[in-house]
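What follows is a short report on a single structure.
The values are calculated or read from the model by the stated rules, or taken from the named source; none is laboratory data. Keep in mind it's a predicted model, so treat the numbers as computed, not measured. Cβ atoms come from the backbone with ideal geometry, glycine included; neighbour counts cover every protein chain shown.
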Amino acid sequence: MTTTMQRAEAAEHAMSEELDRIVVKSVLYTSGERDPRVPVPRPPDQGKLYLMGHDPRLPKMPDKPTLFDFFRYRFGPSAHMLQSARLAQKNGVSEKIVLACLLHDIAVAGFIRSDHGYWSAQLLEPYVDEEVSWAIRYHQVLRFFADESVGYKYPESYVKLFGADYQPEPHIQAAYRYARDHKWYMTSRLITVNDLYSFDPNVKVELEEFTDVVGRNFKQPKEGLGFDASPSSHMWRTINWPTRYL
Ligand SMILES: [Fe+2]
Ligand SMILES: [Fe+2]
């Protein structure tokens, strides 16, 4: 019997047959769907070389990619972040918080979901005000805890997504207690206040509306994201070239 997994692997082989180079997926991409301890069956390479750069199945990024290039060429739908930023603007918060809302879920959009607040913050840290990346890091845990002082309730969507009996794990409770007492707590909290899902599904928000906010608050490296030797450059490069062999 052919399992869905085997069919997917066969389709993938067929796909990589058509490529000049052999593509091998990172363990993290398939861990869970397959047991990471089991060796990945590898057909003979028939003299083909392995992929060491741009994946021809993806749109090519400019040599010096900007933040918006990543939104355009590598991130999934980002309407949620754009709408959050628009809502933040409507609510009259500072530009820093608008930027934080615009970028708060970039890890979900383009990198790794699990612990997305931390990954998003790490990607952004070299390029934004420390308060912005701090707020993005902790919005993830603050989402699980109500704050009546600003009208933030535990999201009903979380009850649907995780079940009524979900309890944040001890490491999340501890991170919450830490963030609750921090001087930037309210910055992070304001992300959660503006972190709504499709508050108006009819509103289309364009990335370009935030050109100036990003221009003033995001230190775009002249070498391009991924090539400026910052502490997170390698992460941007991995998003650019997700299937590079090494
Ligand atoms: Fe989030
Ligand atoms: Fe969000």
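Below is a table of values for the structure above.
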quantity: One residue from Tyr185, Tyr166, Tyr178, Tyr158 being surrounded by fewer than 17 Cβ atoms within 10 Å (Cβ to Cβ), over 21 Å from the mean Cα position of the chain (by Cα), among the hydroxyl-bearing types (Ser, Thr, Tyr) and within 24 Å of Leu103 (Cα to Cα); calculated: Tyr178
quantity: Restricting region 90-128 to residues that are farther than 19 Å from Gly215 by Cβ and among the polar types (S, T, N, Q), the residue that is modelled with the lowest pLDDT; calculated: Asn91
quantity: Residue check for Thr243: among the hydroxyl-bearing types (Ser, Thr, Tyr) and assigned to a loop (DSSP other than H, G, I, E, B); calculated: yes
quantity: Considering residues of region 140-150 that are of a type outside the set (Gly, Ala, Ser) and over 13 Å from Gln173 (Cα atoms) only, the residue surrounded by the fewest Cβ atoms within 10 Å (Cβ to Cβ); calculated: Glu148
quantity: Residue in region 49-64 that is more than 13 Å from ligand 1 (Cβ to nearest atom), farther than 18 Å from Ala175 by Cβ, surrounded by 15 or more Cβ atoms within 10 Å (Cβ to Cβ) and charged (D, E, K, R) present; calculated: yes
quantity: Verdict on Trp236 being out of contact with any Phe, Trp or Tyr (no Cβ under 6 Å at 6 or more places or on another chain) and either at pLDDT 95 or above or of a type in the set (Gly, Ala, Ser) (or both); calculated: yes
quantity: Test for Lys64: is it without any contact (Cβ under 8 Å) to a residue 24 or more places away in the chain and more than 14 Å from ligand 2 (Cβ to nearest atom); calculated: no
quantity: Top-ranked residue in region 188-203 [being part of a loop (DSSP other than H, G, I, E, B) and surrounded by 12 or more Cβ atoms within 10 Å (Cβ to Cβ); ranked as farthest from ligand 2 (Cβ to nearest atom)]; calculated: Val203
quantity: Which listed residue, of Arg137, Arg143, Arg177, Arg113, is more than 14 Å from ligand 1 (Cβ to nearest atom) and basic (Lys, Arg); calculated: Arg177
quantity: Subset of region 87-107 (residues that are free of Cβ contacts under 8 Å to residues at least 12 places away in the same chain and under 26 Å from Glu223 (Cα atoms)); calculated: none
quantity: Yes/no for Ile172 being under 21 Å from Ser78 (Cα atoms), surrounded by 14 or more Cβ atoms within 10 Å (Cβ to Cβ) and of a type in the set (A, V, I, L, M); calculated: no
quantity: Selection status of Asp195, of a type in the set (Asp, Glu) and touching a residue at least 40 places away in the same chain (Cβ under 8 Å); calculated: yes
